[in-house]
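These notes concern the structure reproduced below.
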Amino acid sequence: MKQTKQLETGAERTPDVRAGDKPPAGPARRSSRQAAYEPDEALSNYAAPALEPWEEEAPPSARPPAAPSSTLMPKAAKRMVILAIVWLVFLLFVSLKSAHAAPEAGGAASAALSSAKASYQLHCAACHGTDRLGGIGPALLPENLSRLRKGEALKVVRDGRPATQMAGFGQALAADQLAALVDWIYTPVVPAPVWREADIRASRIQHAEPAKLPARPVFEADPLNLFLVVEAGDHHVSVLDGDRLEVIHRFPSRHALHGGPKFADGGRYVFFASRDGWVTKYDLWNLKVVAEVRAGINTRNLAASPDGRHIAIANYLPHTLVLLDGDLNLLKVLEVSDRGGKHSSRVSAVYDATPRHSFIAALKDVPEVWEISYDPAADEIPAGLIHDHAQREGAFIPGYLNPRRTQLSDPLDDFFFTQDYSELMGASREGKGQVVNLDARKKIADLPLAGMPHLGSGITWDWRGRRVMASTNLQAAEVTVIDLQSREVVRRIPTRGPGFFLRSHENSRYAFVDSMMSPEYKHVLQVIDKETLKVVHELTEQPGRTLAHVEFTRDGSYALASLWEDDGALLVFDAQTLAEVKRIPMRKPVGKYNVWNKITREEGTSH
Ligand code: HEC
């Protein structure tokens with residue numbers, strides 16, 4: 001039993017396993033699991049409108065003044081009015097004569113457009129692709145650029161990005177050409193670009209032969225107490241030894257990883273998805289990229305079955321859910337639309353539901369939740385009107401790798417799995433909380449929550465004999481604690497500001513919450529006592545900087561937080577004394593993921 005042995009080795013190497021640290025019992029031992037939107041999704045999903053005020057309304061003062069009254073006017077004024085009328089008539093005459101001026105103005109706009117297109121092909125296409133789908137450089141489509149302000153993009157195109165292949169074009173192109181070019185890359189491609197099965201297959205790259213690589217770690221550190229730190233600042237991933245709290249390896253990732261990396265096969269392999277649809281399989285024991293494939297054009301996240309044999313990818317562009325095998329070969333592309341096939345939909349996110357042997361997908365544009373079984377022996381799915389139950393006339397589709405739909409009244413944007421994964425607690429975009437039973441395939445209850453609950457941030461623990469779940473709120477400055485059985489709100493804990501992540505560990509009495517949705521308090525991390533349900537401590541950085549996203553070490557003895565800046569760091573806190581014990585410089589560490597906590601579905605973290 002390789003895996004068992006490996007788990008034991010890991011436990012031996014952990015220096016201070018606490019009394020409460022249970023022996024490992026495999027991924028299924030936890031009672032509650034959560035699905036969470038990960039950092040990068042966070043920003044594009046919820047914060048984008050607040051953080052990116054691209055368009056401002058014209059202030060009222062810009063309105064034209066009211067026309068003056070013509071009564072009781074002095075003679076001179078009357079003469080002026082007559083003159084003005086003559087002038088207006090003249091202007092009207094001129095403008096009528098040159099009626100072709102209008103097409104000319106349109107011509108100017110389309111000239112700017114075609115010159116933007118031409119300068120794109122001349123200067124940019126070699127790296128960003130003739131169709132803007134990406135190449136050496138990332139895709140330049142509005143969907144993909146949604147997190148980059150236009151002004152920022154202009155700066156990048158003018159001045160370049162230091163230490164990357166993106167050079168500045170401030171010398172080669174005039175200011176208006178640059179502006180037209182940037183306007184154009186923020187304009188949707190019509191018709192929407194396609195990414196077909198053949199494109200997916202053709203994109204696959206095999207980098208290493210896993211069978212030829214040693215089946216044991218090439219390093220000394222406990223492979224189950226590693227952290228992967230996603231550094232968005234320069235698109236790298238750091239591998240951190242969670243015992244010695246030191247980086248043992250760092251490697252370049254695809255541009256803009258999206259969603260959390262997903263560990264499989266006892267932590268040996270990890271799968272990443274990038275904003276532009278690239279999926280990477282990485283061998284964490286050998287510190288090597290195994291294979292890559294491009295599964296879409298604009299991607300939200302991926303999910304992996306625990307054995308690493310099935311991978312699901314949630315796409316915004318095209319409207320597909322892509323299923324791959326563990327070697328990143330294409331199994332199937334599911335076109336995503338409602339039951340009637342009338343409305344297609346983006347896929348918000350996909351998660352693994354281990355005990356159900358399935359993936360659960362949240363759809364953005366149609367009110368359905370999908371469950372896709374990766375069990376080859378899954379029951380068939382009734383596909384429409386069934387006239388004769390006994391004869392089952394062509395009304396069933398295979399259960400394996402096909403969607404089982406739950407119809408809802410609102411699309412669910414964000415959710416949390418309960419206990420045995422039979423239910424999910426979700427919130428719609430309007431913030432309406434509801435409980436959906438995945439076996440009954442329907443909504444079974446409403447949740448009494450205010451504001452915009454972020455159920456994806458939910459964590460659970462035992463509190464005074466009850467199992468509770470707590471989550472942040474994207475609009476209200478509070479952490480809401482719910483009794484999982486009665487679904488009543490047990491406590492509303494006031495915080496500094498609306499927060500995104502809430503994290504704890506079974507061995508810790510504390511939960512950490514950020515206020516990153518609040519410009520004023522995003523530098524404050526608050527510590528909640530899970531017994532008293534009160535904020536008992538604050539950790540602060542300089543105002544204006546963001547401190548967020550905590551993950552504990554395997555045994556819960558340290559909490560690692562992100563100073564979420566380009567010249568940022570991981571801040572390591574002693575989880576008992578709350579003292580900062582170490583600061584490890586990082587380039588915008590947007591997320592960190594502990595192998596053990598993820599593969600055992602630790603109750604204090606998201607998945
Ligand atoms: C030699 C290759 C190359 C050429 C030519 C090039 N780029 Fe880039 N571009 C890149 C790379 C690589 C990046 C990613 C840099 C990084 O790591 O952040 C990039 C990034 C960008 C970004 C930022 C995208 C993001 O998601 O952060 C924009 C916008 C951009 N390029 C626009 C352009 C435009 C417009 C042109 C033509 C005027 C152009 N680029 C020409 C390679 C290139």
In segment 139-154, residue surrounded by the most Cβ atoms within 10 Å (Cβ to Cβ) [restricted to those that are more than 9 Å from the ligand (Cβ to nearest atom) and not aliphatic (A, V, I, L, M)]: Glu143
Residue selected from segment 188-218 under the condition surrounded by 11 or more Cβ atoms within 10 Å (Cβ to Cβ) and among the small types (Gly, Ala, Ser), by the criterion farthest from Ile248 (Cα to Cα): Ala192
Selected residue (criterion: nearest to Val289 (Cα to Cα)) from residues of segment 231-245 that are more than 14 Å from the ligand (Cβ to nearest atom) and of a type in the set (D, E, K, R): Asp241
Filtered residues of segment 164-214 (kept if in a helix (DSSP H, G or I) and in contact with a Pro (Cβ under 9 Å, 6 or more places away or on another chain)): Ile185
Residue check for Ser253: away from the ligand (no atom under 16 Å from the Cβ), among the polar types (S, T, N, Q) and surrounded by fewer than 24 Cβ atoms within 10 Å (Cβ to Cβ): no
Spans of strands (runs of 3 or more DSSP E) in segment 444-519 with at least 2 residues surrounded by 18 or more Cβ atoms within 10 Å (Cβ to Cβ) and at pLDDT below 95: 453-463
Any hit, segment 319-328, residues being buried (at least 24 other Cβ atoms within 10 Å of the Cβ), among the aliphatic types (A, V, I, L, M) and in contact with a Ser or Thr (Cβ under 8 Å, 6 or more places away or on another chain): no
Some residue of segment 178-201 being within 11 Å of the ligand (Cβ to nearest atom) and at positive phi: no
Asp222 vs. criteria among the acidic types (Asp, Glu) and within 16 Å of the ligand (Cβ to nearest atom): no
Hey, Pro543 in the same structural domain as Thr605 (by TED's automatic domain parsing), surrounded by fewer than 23 Cβ atoms within 10 Å (Cβ to Cβ) and in contact with a His (Cβ under 6 Å, 6 or more places away or on another chain) or not: yes
Residues of segment 520-538 that turn out to be surrounded by fewer than 18 Cβ atoms within 10 Å (Cβ to Cβ) and outside any loop (DSSP other than H, G, I, E, B), as a count: 6
Residues that are surrounded by fewer than 17 Cβ atoms within 10 Å (Cβ to Cβ) and either among the hydrophobic types (A, V, I, L, M, F, W, C) or in contact (Cβ under 8 Å) with a residue 24 or more places away in the chain (or both), drawn from segment 165-176: Gln165, Ala167, Ala172, Ala174, Ala175, Asp176
Count of segment 219-250 residues which are surrounded by fewer than 22 Cβ atoms within 10 Å (Cβ to Cβ), in a loop (DSSP other than H, G, I, E, B) and of a type in the set (Asp, Glu): 3
Search result, residues across segment 116-138 that are in contact (Cβ under 8 Å) with a residue 24 or more places away in the chain and more than 8 Å from the ligand (Cβ to nearest atom): Ala116, Lys117, Asp131, Arg132, Leu133, Gly134
Tabulated pairs, segment 271-298, first closer than 12 Å to Ser253 by Cβ and outside the structural domain of Arg132 (by TED's automatic domain parsing), second away from the ligand (no atom under 16 Å from the Cβ) and among the acidic types (Asp, Glu), C-beta under 8 angstrom, 6+ apart or interchain: Trp278/Glu292; Val279/Glu292; Thr280/Glu292; Val289/Asp283
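Tell me, yes or no, whether segment 258-267 has at least one residue that is in contact (Cβ under 8 Å) with a residue 24 or more places away in the chain, within 16 Å of the ligand (Cβ to nearest atom) and closer than 28 Å to Gly129 by Cα.
Yes.
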Residue list for segment 420-443, restricted to those being over 25 Å from the mean Cα position of the chain (by Cα) and assigned to a loop (DSSP other than H, G, I, E, B): Asp439, Ala440, Arg441
Subset of segment 120-138 (residues that are buried (at least 20 other Cβ atoms within 10 Å of the Cβ) and in a helix (DSSP H, G or I)): His128
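The values are calculated or read from the model by the stated rules, or taken from the named source; none is laboratory data. Note that the structure is a prediction, hence the values are computed from the model and not measured. Note that each Cβ is placed from the backbone with ideal geometry, even for glycine, and that neighbours are counted across all protein chains shown.
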